[in-house]
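Contents: one structure, followed by commentary.
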Amino acid sequence: MIKTVEYLDGVVRMIDQTRLPLEKVFVDCKSIDDVANAIKTMVIRGAPAIGVSAAMGVSLGAESIYADNFDAFYSQLEDKCIPLANSRPTAVNLAWGIERMKRVARESQLLSIPELKKKLKQEALDICKEDIESNMAMGNFGQTLINDGSTVLTHCNAGALATAGFGTALGVIRAAVNAGKKIDVLADETRPFLQGARLTVWELMEDNIPVKLITDNMSGFFMKNNQVDAVVVGADRIAGNGDVANKIGTYMVAVLAQKHQIPFYVAAPISTLDLSLNSGEEIPIEQRSEGEVVSLNNKRITPEGASAAHPAFDITPNDLVTAIITDKGIAKTPYTTSLKNLSEQ
Ligand code: MRU
């Protein structure tokens with residue numbers, strides 16, 4: 001499997017997810033602003049991958065600072081983090097990754113500046129490694145919920161490409177397959193950015209996991225005909241009460257799943273929880289360009305001048321969520337208590 005993101009000497013290298021699966025090209029980010037731009041333009045996307053690359057970006061930013069004392073160093077670092085922090089609004093992992101790096105800097109202020117830079121680089125590498133470990137842990141917890149012979153529907157891409165590796169929702173599917181279960185996947189295409197068609201289908205095919213692509217308006221058909229046993233999706237931010245922000249269209253899938261009594265699972269690491277928010281209504285929803293809606297693969301599909309709306313995420317209320325699979329264990333309703341308990345472990 002190709003590495004989604006890696007931190008080499010002075011370079012954060014990412015596979016360009018705007019060009020997959022037709023082209024496998026890499027983008028080399030040499031500065032914190034390059035990383036911010038890669039996140040903004042979706043070269044890298046998916047909440048955990050955004051958090052990991054943001055941490056690597058902060059390290060690149062730190063490397064470029066000339067300062068002879070901690071206060072001067074830290075104030076420059078804070079300034080450099082602003083465009084990165086503003087690159088995308090919904091996935092809380094972005095703020096989480098930046099804040100963890102800043103906290104390490106503050107806690108290491110007695111180090112010399114070269115040692116501090118080294119420490120920050122190591123922290124970014126640790127965050128990357130921990131992300132893969134947490135996906136494996138999530139997979140092991142989550143696969144216990146998936147029966148042998150199941151067909152699992154997923155929306156968007158919450159796979160290796162959306163993380164440092166293995167994936168969250170697709171990590172659960174991979175772990176079930178690794179446990180010897182026969183799993184078939186139905187992948188929603190996920191208009192308008194086509195993360196399902198382009199990325200989920202690609203990475204499951206790479207792993208020889210059976211996957212069938214469906215357009216977003218087909219999921220009700222398959223659910224009604226008893227052809228879906230479980231839904232597993234990822235998340236960009238989960239509020240304290242268990243409301244889930246995820247790719248636009250997730251809410252629609254959750255409503256259908258409830259109607260057909262199909263379990264609806266969300267897989268996300270603890271770093272995706274935002275316990276400072278009481279409900280999903282407080283989660284900022286990214287509005288992306290109309291251009292991505294009025295065109296398909298860069299080809300206009302509407303009359304010229306047509307206008308379009310493009311909220312990039314929606315909120316699935318907690319009462320539609322059967323369980324939230326985290327790297328610390330499985331949370332069930334009431335989420336206010338179960339998520340808090342898991343986050344304190
Ligand atoms: O706009 P994207 O592609 O960054 O949206 C990604 C999603 O909505 C994913 O489902 C979510 O980030 C979880 S990724 C493990």
Dividing the alpha-carbon radius of gyration of the chain by 2.2 N^0.38 Å, where N counts its residues, gives 0.98
The farthest towards the positive end of the charge dipole of the range 238-333, of the residues Ile324, Ala312, Leu275, given +1 on Cβ of Lys and Arg and -1 on Cβ of Asp and Glu, is Ile324
Cα-Cα longer than 25 Å, checked against Lys259/Lys332; Lys80/Lys118; Lys3/Lys118; Lys80/Lys119; Lys24/Lys129, kept in input order, equals none
For the range 179-241, the percent of all C-alpha pairs falling in each 10 Å bin, from 0 up to the bin holding the max distance, is 18, 47, 30, 5
In terms of the alpha carbon gyration tensor, root eigenvalues a ≥ b ≥ c, rounded if a/c is under 1.5 and otherwise prolate when a/b exceeds b/c or oblate, the range 251-345 is prolate
Here the alpha-carbon Rg of the range 186-324 over 2.2 N^0.38 Å rounds to 1.11
If unit charges are put on Cβ atoms (+1 for Lys and Arg, -1 for Asp and Glu) and the dipole of the range 1-97 is taken about its Cα centre, the option from Ala67, Ile50, Ala95 lying farthest towards the positive end turns out to be Ile50
At the level of C-alpha centres, the distance separating the range 244-307 and the range 173-203, in angstrom, is 17
In this structure, the FRET efficiency calculated for Ile214 and Thr302 from their beta-carbon separation, with R0 = 22 Å, to the nearest 0.05, is 0.45
So Glu133 and Phe26, fully extended at 0.36 nm per residue minus their Cα-Cα distance, gain in nm 36.1 nm
For Lys182, counting only lysines whose alpha-carbon sits under 24 Å away and dropping same-chain residues fewer than eight positions off, the answer is Lys212, Lys224
Averaging 1/r across every pair of distinct alpha carbons in the range 74-142 and inverting yields a Kirkwood hydrodynamic radius, in angstrom, of 13.5
Computed D for the range 296-345, Stokes-Einstein, Kirkwood radius over alpha-carbon pairs, 25 °C, 0.890 mPa s, to the nearest µm² per second, is 169
Expected unfolding gain across Ala179-Ser108 under the 0.36 nm per residue rule, minus the alpha-carbon gap, is 21.3 nm
Per the helix-only model, the chain has a calculated mean residue ellipticity at 222 nm (DSSP H runs of ≥4, -39500 (n - 2.57) each, divided over all residues, rounded to the nearest 500) of -12000 deg cm²/dmol
Measuring from its Cα centre, the chain shows a charge dipole (+1 at each Lys and Arg Cβ, -1 at each Asp and Glu Cβ) which, in debye to the nearest 20, is 520
Rounded to whole angstroms and listed largest first, the alpha-carbon spread of the range 22-138 along its three principal axes comes to 47, 30, 25
In debye to the nearest 20, the charge dipole size for the range 201-289, taken about the Cα centre with +1 at each Lys and Arg Cβ and -1 at each Asp and Glu Cβ, equals 360
Given unit charges at Cβ for Lys, Arg (+) and Asp, Glu (-), the dipole magnitude of the range 1-143 about its Cα centre in debye, nearest 20, is 300
In nm, the gap between the two label points placed 7 Å beyond Cα toward Cβ at Asn86 and Gln345 is 3.9
Taking the range 9-53, the whole-percent share of alpha-carbon pairs separated by over 15 angstrom is 36
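Every number in this text was worked out from the coordinates using simple rules, so none of it is lab data. These numbers come from a predicted model, not from an experiment. Neighbour counts run over all protein chains shown; Cβ positions are idealised from the backbone, glycine included.
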